[in-house]
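The values are calculated or read from the model by the stated rules, or taken from the named source; none is laboratory data. Everything numeric in this text was worked out from a predicted model, so none of it was measured. Note: ideal-geometry Cβ built from the backbone for every residue, glycine included; neighbour counts use all protein chains shown. Just so you know, the surface numbers come from the protein's heavy atoms only, side chains and all, with ligands and any DNA or RNA stripped out. Shrake-Rupley method; radii C 1.70, N 1.55, O 1.52, S 1.80 Å.
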Amino acid sequence: MFQNITLNKLVPSPRNVRSVTDSKADAQLKADIAARGLLQNLVVRKGKRGKFEVEAGGRRLAALKSLANDGAVKKDMAVTCLVIEGEDSELREVSLAENFQRLAMNAADEAGAFAAIIEAGSSTEDVARRFGVTVRFVEGRLRLASLAPCVFEALAEGSITLDLAKAYGATSDIKRQAQVFEEAQNGYYQVTVDSVRRMVLNATIRGDDPRAILVGREAYVTAGGRIERELFDDDYSESWLDIALLEQLAMQAMNEAADVHADRSGLAWVRPTLDCYVSHDLAVGLSRLPTNPAPLSEEDAATLSDLEIRYDDQAAILEDEDSSEGQIAAAEAELDNIDRAIGAINNRPPVLVDGLKSEAGAFLVLSRDGEPVLAPQYYTRASEAPADEGVVEIVEESSGGKPKRAALSQRLIDELAMQRRDILALHVGSDPALALDLLVFTLADEDSQDWRRKKAITISGPVAYGPVTGFEAKDAPATASLAELSGSLDESWRAGANDVERFKLYRELSDETRSQWLAAVVARTLIASLNVTGDRQIPLHDALGEIIGIDIALWWRPTAANYFDRVPKALTLEAFEAVGGPELSSRYASSKKADLAATAERIFSGNFIAEAGVKERAIAWVPEVMRLGSAASDSCENAETSNEVQPEIADQAA
């Protein structure tokens, strides 16, 4: 029987089988209900004291309650519900059936629907707001809708993955997309994201392409490959037409070379790629292992000294006005050889830390000369690497002016620092103007010779990996959004054969695209920091946070796993007192630590019944060590005004 029931009479059922949810998906559902109302009824059973327990639709109920707390809907609004009866076991089956019998939308269907809404007159910003997603997500789906019909249909049918569809979209030429799609469908080789991206960006390749050099002309022609040669072409300038076949042959050669390198190096694995670099996609899910500079052997040191002496001798010949042309040419050739020899010694690959080789892997890249080369970075899939769980004492001022002492483990300090770093990195990466100021300032400030200053960013360019090997807060909104930001960068300029060509291609990008690269490469250099006395504290990070106006609470919430279960009980009770006064703290003072941590997670996620002011303070509360900028000294009572800062980025956190 269907019945309209007021919202304030609806309560969650203890029999609802869904115990774990997704905060990002919940925010999207809330935005959708706010825009269109409740499209699907709730399933309820009559409970005690006039209440109705929601057996199916717990997330919808939570979204409605949240909207009511925000004042977007009335707390006594009528909600259409299907009222059922039955035993507890039967009701659990109802809850399971509704959650289990679902099919997520295909990305192609999403793209078509978004495109239709945009064509009807809505903007991408309106669509993003109404569906609770980022503008970048909507724009990405719209790009899918503009793919070649054959590619789009394959995505809709599920015969290609979303990542493959994005690879076809590397070019806006739908004819080229369709041509590559046909070649890939008719081939008998494995189609990968990288191979599709290369194929759509290049209609033919020259004979001096690294893949062509690796495979060799004879092997390519023997396998059925076609070559076109103009009147004045040679083996280097001729055009190889069957790129898909060449990709297959090149990958076979790289796989064989990878096996040889793995046996020779003793690494756990070696994975080949036809790129000359390790792309972001290849390294997803991997953690970079620490390395040490390779020591210079006595033999290398002696060789280096001899090369430097020979270099000076040849340079003297060039400087001598009486040297003949033959002597000058010979000296120049010798200097080139000496430069290469010195470079080979100075550019020694790094050495893995002892004990890590058994779990380490590396990537075999294809050099510009067509040679398989082991990239000098090492990775692991290990979720946890050995870490020092030492204890750091945190001293904070209490409201009465007396110091409060509590111990946090070094591991927790490092993990929290990395999560706060990701939040700051996301905001710096979204603000090109600030990133440019930070870049220029840091370079200029190197001349100050201020030995007291702590290094805030690794301005030389490498990614600033955190102090905890293998740790990644994958479920954290900032970490996910940061990965999305990196994946949206235009990498077309990497197709250049050398640094000069790549630089020219990069300069041809739009100002906006180059600004995005600037912000991204600066953001990735940020070092993990925390608002705690010691090595993890970096004052410049707090200054950046104050300039941006970052609200940490929008991007990070304390849970039992990432905080409460790993700090002393006293710190959790102090957090209770900060948001609910002595009464809330004393109510749970006798709880066991595990129970207290679970309760704290629920309270600080806002999932509890309390006065509006208490709930607002709980949702806005973050530990002092996680705060940035002026928020590091302000109380959580000021959170309402901080929520107004950076609205576009805050939408991503939702």
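Tabulated values for the structure
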quantity	calculated
The stretch 1-118 - share of DSSP beta bridges that are antiparallel (%, nearest 5)	60
Fraction of accessible area attributable to carbon and sulfur, the stretch 1-54 (%, probe 1.4 Å)	52
Label-point separation, Ala302 to Asp163 (7 Å along Cα→Cβ), nm	5.0
Chain lengthening between Arg136 and Gln252 when straightened (0.36 nm per residue, less Cα-Cα)	38.1 nm
Zero-based 10 Å bins, Cα pair distances in the stretch 44-168, whole percents	11, 27, 25, 22, 13, 1
GluC sites (Glu not before Pro) within the stretch 504-569: DSSP coil, no more than 12 neighbouring Cβ in 10 Å	Glu508
Protection-proxy order for peptides 297-303, 372-378, 88-94, each taking the mean of Cβ atoms within 10 Å per residue, highest first	372-378, 88-94, 297-303
Cα centroid separation - the stretch 269-339 against the stretch 1-40, whole Å	64
Gain on full stretching of the segment that runs from Val221 to Thr6 - 0.36 nm per residue minus C-alpha separation	69.8 nm
Trypsin sites (Lys or Arg not before Pro) within the stretch 572-604, DSSP loop, no more than 11 other Cβ atoms inside 10 Å	Lys592
Long pairs among Lys65/Lys569; Lys48/Lys569; Lys46/Lys74; Lys593/Lys615; Lys48/Lys592; Lys30/Lys593, criterion Cα-Cα beyond 24 Å	Lys65/Lys569; Lys48/Lys569; Lys48/Lys592; Lys30/Lys593
